[in-house]
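Colleague: Next up is a structure, given as structure tokens.
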Amino acid sequence: MRIAFTQVADGQKVPMNKGWNLKENAIYDRAELNGGNVAVLLAYCEPVPLCCLDIDDLEKAKPILQSMDIDPETYDAVRSRSGRPNSLKIFFKLPEGCEPLTTQVIRDKDNVIFELRCATTKGKTVCDVIPPSRHPGGTTYEWDDERELTDVTVIPEGLFYYWQGMINAEKEKKQVREKSKLLASQYDSSVDETLITDLLAYISPDCDYHTWIEILFAIQSSGLPNAENIACTWSEGSSQFNYSSFKAAWGSYRDGHYTVGTLIYHAKQNGWQPKTKTPSQEIYNGKTAAIDAPFSNIDQSVEKQTTALEAFRAMSSKGDSKAMLDQ
């Protein structure tokens, strides 16, 4: 196994060299490193990429991993500890011929349980600090047993399919969002308070923080003069509502990323359906023409995407993700 390294300052996690995440800058001879911390460039290892199961909350991660027959503390693999309680890193290599996988984060609300780390969405590597480096908290990274990266094992099949399933679900989610944006374009001339409040009625204000931010920004993108009041009234329905936090989030808005399509996407997850427009009349060059309902074809496509995503998640929870991927 040919391991790719990069230099990290002592007691730090971020590489110190510019362009460290470019393959041409990877260091394959550890003797070329000049002390300090050492990090492995997972996606650039050869002949196959390495990956890291980086566990931030061991107690919450255990039930998830044990459902895949993985006991993180005893599994026969390369493990390292940073000295921080309730955390663990497990290193694997990807199957032969497999391209680097996009890093995925598994959360419980806003808290990270674990990450499946390898590459960025743009195909560049991510890195993980390894022993005997020093953690920013002052502790020292140590191997959990005598096994090191040169003796790394292949990622367990269950975890591999779990990871692929998350990537595919994210791709499908993106497609659904794009379909929702297309649907939203039909409302460009009719976005009003009635539509926004109708959509919000299907979205719980007790959602996770990231979704809450998306909803606030989507409301703000509507340009309605009372958009802030609409967003605040909806947010107040949460038991976690804090006005200062709301004002700070509202003030951090940047135009261009979220639209009413974001609201449509989240509302559809909870059963919202667009109301079919009745045929109307529009004037073209002095003549009238009937305009049919514009939503049916788009809506069916979005619904199919959502159904497929739900089916995949259901099969993943039953351990049938491989069968779903094959289909």
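The values are calculated or read from the model by the stated rules, or taken from the named source; none is laboratory data. Computed from a predicted model, the values in this text were never measured in an experiment. All Cβ positions, glycine included, derive from the backbone under ideal geometry; neighbour counts span all protein chains shown. Remember, those area values only see protein heavy atoms, side chains included, never the ligands or the DNA or RNA. Shrake-Rupley method; radii C 1.70, N 1.55, O 1.52, S 1.80 Å.
Colleague: Just to confirm the filter: which trypsin sites (Lys or Arg not before Pro) across region 10-73 are DSSP coil and have at most 12 other Cβ within 10 angstrom of their Cβ?
Modeller: Listed in order of number, the matching sites are Lys18.
Colleague: Roughly how many Å² of Lys174 are accessible to a 1.4 Å probe, to the nearest 10?
Modeller: The value for Lys174 is about 130 Å².
Colleague: Moving on to the next point. For Phe217, what is the net charge nearby, where nearby means another residue's Cβ is under 11 Å from its Cβ and Lys, Arg count +1, Asp, Glu -1?
Modeller: So the environment of Phe217 carries a net charge of -1.
Colleague: Grab the other residues whose beta carbon is less than 10 angstrom from that of Asp144, score K and R as +1, D and E as -1, and report the net.
Modeller: Summing Lys and Arg as +1 and Asp and Glu as -1 gives 0.
Colleague: Something else: Full extension from Cys207 to Asp151: what is 0.36 nm times the residue separation minus their Cα-Cα distance, to one decimal in nm?
Modeller: Here the answer is 15.9 nm.
Colleague: Ok, one more. Leaving out ligands, DNA and RNA, and with a 1.4 Å probe, what % of the accessible surface on region 1-137 is carbon or sulfur?
Modeller: Of the solvent-accessible surface of region 1-137, carbon and sulfur hold 46 percent.
Colleague: While we're here: At 7 Å along the Cα-to-beta-carbon direction for both Glu228 and Arg107, put a label point, then send me their distance in nm to one decimal.
Modeller: 2.6 nm
Colleague: Okay, next question. Over region 1-98, with the other protein chains present, what is the accessible area per residue in square angstrom, probe 1.4 angstrom?
Modeller: 47 Å²
Colleague: Taking only protein heavy atoms into account and a 1.4 Å probe, give the accessible area per residue of region 216-275 in Å².
Modeller: Heavy-atom SASA per residue in region 216-275 reads 50 Å².
Colleague: Quick check: residue separation of Asp192 and Gln269 times 0.36 nm, minus the Cα distance between them. What number comes out in nm?
Modeller: So the extension gain works out to 25.6 nm.
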